[in-house]
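Undergrad: Please find one structure pasted underneath; my questions will follow.
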Amino acid sequence: MTKFKNKLLLGIVVVLAMGLSLCACGGGGGDAEEPLTLEKYAAENADFQDQLNSYSEQDDSVVVTAEGNNLVFTYDTAKLGISEEMAQSDSIKNALNEELDKQKDTFVSTANTIKNTTDVPEVNVVVKYMFGDQEIVSQSFAAE
């Protein structure tokens, strides 16, 4: 479980740093007719997309993407040393949910930072733990 905590905390630190570095980039206006989404912001701002890509390159157990207004961290639990049998167990699911609950304030703060620095009206940080195509645990944390 310590490996999960370390990876989760590393992800949080990187996201916070990414959000703070966006302050220098400014917001990405978007079209007047359609609201700006985080996905569109990432497509229009190479620095932001590069930061998402670099995080995934640093840690092959996670892919970070912008999907709609969600910043999504998708963890591959097999690469974290979790077997399929373990991934199905309630104890792993409960432990992952508990750890995500403990980090709620940090995820909300990250969503707030990204919302404020990108001018995207609604931002969520979504953390998913997957085993193959099967979702084990997922939680979403909205900016306030």
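Undergrad: Could you sort Met130, Met86 by accessible area so the largest value comes first, with the probe set to 1.4 Å?
TA: Heavy-atom accessible area, descending, gives Met86, Met130.
Undergrad: If you don't mind, there's one more thing I want to ask. Please report Rg (one decimal) and Dmax (integer) in Å for the Cα set of segment 31-144.
TA: According to the Cα coordinates of segment 31-144, Rg and Dmax are 15.1, 50 Å.
Undergrad: A follow-up question, please. Please list the non-local residues whose amide H lies under 5 Å from the amide H of Val137, H modeled 1.01 Å from N, same-chain partners needing a gap of 5 or more.
TA: Result for Val137 returns Tyr129.
Undergrad: Could you rank the peptides 102-109, 118-125 by their average count of other C-beta atoms within 10 Å per residue, with the highest value first?
TA: 118-125, 102-109
Undergrad: Just the C-alpha atoms of segment 91-132: what Rg/Rh do they give, with Rh taken as the Kirkwood radius?
TA: Radius of gyration over Kirkwood radius for segment 91-132 works out to 1.10.
Undergrad: Report the FRET efficiency, 1/(1 + (r/R0)^6), for Glu84 and Glu34, where r is their Cβ-Cβ distance and R0 is 30 Å, rounded to 0.05.
TA: The calculated FRET efficiency here is 0.10.
The values are calculated or read from the model by the stated rules, or taken from the named source; none is laboratory data. Here the structure is a predicted model, which is why all the values come from computation and not from measurement. Cβ: placed from backbone, ideal geometry, glycine included. Neighbour counts: every protein chain shown. Ligands, DNA and RNA are excluded from the accessible area calculation, which covers all protein heavy atoms including side chains. Shrake-Rupley method; radii C 1.70, N 1.55, O 1.52, S 1.80 Å.
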